[in-house]
Amino acid sequence: MIFKSDYLVIGSGISGLSFALKAARDGKVAMVAKKDIAESNTLYAQGGIASVWSDEDSFEKHISDTLAAGDGLCDKEIVGMTVKQGPERIRDLIEWGVDFTPREKDLGDFDLTREGGHSKRRILHTDDITGREVQDTLAERVREKNNISVHEHFIAVNLIVHDNKCWGAYILDKRKNVVETFLAGATILATGGTGKVYLYTSNPDIATGDGIAMAYRAGAEISNMEFVQFHPTCLYHPHAKSFLVSESVRGEGGLLRLDSGRAFMGDYHELKDLAPRDVVARAIDSEMKKTGDDCVFLDITHRDKKFVKKRFPNIYAKCLSFGIDMTVDPIPVVPAAHYSCGGISVDNYGRTSIRGLYAVGEVACTGLHGANRLASNSLLEALVFSHMAVIRTKEDIKREKSFPDIQPWDKKAAVESTESVVVSHCWDEIRRIMTDYVGIVRSMKRIKRARKRIRILHSEIEKYYWDYSLTADLVELRNIILVAGLIIESAMKRRESRGLHYIIDYPEKSRRKKNTILRKKMRGKKNAAG
């Protein structure tokens, strides 16, 4: 079957949903979600959205904090554009019905919290479930729109590119196990990040780097994949899966301690527990290696119990479900892969190097984050670039009169696999390799070792992909092995320590501040179906 629309949005987080809501004012939108549209990285965002919202703050201060965190690689013009649009994009959310937590003494204004790297309180939030509030509200608005068709439990396989123009994507209907053709004047990748390439991550299972992998295969430019942000504080418990303990806990006075009770962040940074995430993650990693302990502890027991329960109801309830009362006991935490600062290279309108293809949200590399993302800037970035993409795509679709002749999906030689165990075993091996050799602290020896094994696995998985019938698991495995390779190649190219990339062979920063660019050599295929 062929689905045609003005806009094809692949992904249903804050970037995809906000784009769809605005684009639907001018055309027909098809939205594709790997599960249901309620499931995305956005759903798990606890902290909030950074924006200048008080007289005590200023655009200049937010810009300065973002540049400082980015460690010399931020695009200053992009930072300025994003920060200055912040208040207006927050008003978009409020208009759609998002309820931010109000101040206790003035219900006409919002409570602002602070996170690591921010010089002022500027994080708007809904208690500690901001992502859930945003996701649920925007998804509800999308379902109300007659000209937005939502296709749930569909996973994109490959982009359709004809003469360097993207016309949509081949997409697998997971329930029917049939690949359908989706054509559109503008294709928007809003597929989120790459967290599942690592063994420990705060990301949900859907974060398999699909958009980056598809864009790379189609010939798009990819930037700065070496900069993987590890969130310092994920709950450490044998039965806790990928549960993030928000940076806001430290923003409200939480202290990181060793098992002995000693607070150690003062040894690493003048901001102590409010240092940027890369510093905190490396500090925890260093202390765990020194002591041999499996985790460190986040202690907010010195704050009033009523305050903690009210400010962090979700975190409190989750910890309590594992027998940890955070008002009495410090929370055991470890660093985990959290956010990809690299991704598909885009301009200030979200345009990639392929005409008709846009990328918004974590899948994109906009220049905002540089070498390290400032906490809570990601949801802001998603809103701003989705807004900018709507402006440009509106003009693009007016110029497209008709679709070219696109061939349907065809893998005639493929047969049903009797060795699905291959997929699960490869998946586990990839994640262990990346965690052990391309993690928080790196060395060239470890990276080369990872590169050698990942290349072998990539070859094996590609052969398996072409020999056997398509499944959602195989699509994700193929994407994650490609993303792992891109991270490794980028890490090998950056022979300095900057931001999130810390390599013991090159502990100093280079004087040259440049992005790491990767691009596949294309062989003249008109339709990207591989």
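Brief remarks follow.
- Positive-end extreme of charge dipole, the chain - chosen from PHE243, ALA38, PHE19 (charges on Cβ): PHE19
- In the chain, the ratio of gyration radius to Kirkwood radius, Rg to Rh, stands at 0.95 when only Cα atoms are counted.
- Whole-number percent relative contact order across the chain, with pairs defined as alpha carbons under 8 Å at least 6 apart: 22
- Local electrostatic count, GLU489, Cβ distance below 9 Å [Lys/Arg +1, Asp/Glu -1]: +1
- Residue-averaged [θ]222 nm for the chain, counting only DSSP H segments that reach four residues, each worth -39500 (n - 2.57): -11500 deg cm²/dmol
- With the charge dipole of the chain set up from +1 on Lys and Arg Cβ and -1 on Asp and Glu Cβ about the Cα centre, the Cα lying farthest toward the positive end among the listed residues TYR358, HIS458, GLN85 is that of HIS458.
- Out-of-range pairs (alpha-carbon distance over 22 Å; input LYS76/LYS493; LYS76/LYS520; LYS34/LYS145; LYS4/LYS165; LYS34/LYS176): LYS76/LYS493; LYS76/LYS520
- Residues of the chain were split at every exposed loop site, defined as GluC sites (Glu not before Pro) in a DSSP loop with at most 11 other C-beta atoms within 10 angstrom, and the longest piece left, sites excluded, is 105-269.
- Derived scalar couplings between HN and Hα for region 202-215 equal 8, 7, x, 4, 6, 7, 10, x, 4, x, 4, 4, 5, 5 Hz in order, rounded to whole Hz, by the Karplus curve 6.51 cos²θ - 1.76 cosθ + 1.60 (θ = phi - 60°), x for Gly and Pro.
- Percent of Cα-Cα distances greater than 21 Å, calculated over region 217-309: 39
- With Cα atoms defining each centre, region 1-75 and region 210-248 are spaced 16 Å apart in the structure.
- HN-Hα J in Hz across region 63-73 - Karplus 6.51, -1.76, 1.60, θ = phi - 60°, x for Gly and Pro: 4, 4, 5, 5, 5, 5, 5, x, 6, x, 10
- Computed about the Cα centre, the dipole magnitude for the chain is approximately 1820 debye when only Lys and Arg (+1) and Asp and Glu (-1) carry charge, each at its Cβ.
- Between PHE3 and THR181, PHE182, LEU183, the built amide H atoms are under 5 Å apart, and every one of these is 5 or more places off in sequence or on another chain.
- In order along region 487-500, the Karplus-derived 3J(HN,Hα) couplings, from 6.51 cos²θ - 1.76 cosθ + 1.60 at θ = phi - 60°, round to 4, 5, 4, 5, 5, 5, 6, 8, 9, 6, 9, 8, x, 7 Hz, and Gly and Pro are given as x.
- Built amide H within the under 5 Å cut-off of ILE129, gap 5+: none
- Test item: Cα-centred dipole of region 203-357, Lys/Arg +1 and Asp/Glu -1 on Cβ, debye: 460
- Region 451-529, dipole about Cα centre (Lys/Arg Cβ +1, Asp/Glu Cβ -1), debye to the nearest 20: 760
- Note on region 421-507: Cα Rg divided by 2.2 N^0.38 Å, N the number of residues, gives 1.17.
Here, each number is a calculation from the coordinates, and none is a lab measurement. Computed from a predicted structure; not experimentally measured. All Cβ positions, glycine included, derive from the backbone under ideal geometry; neighbour counts span all protein chains shown.
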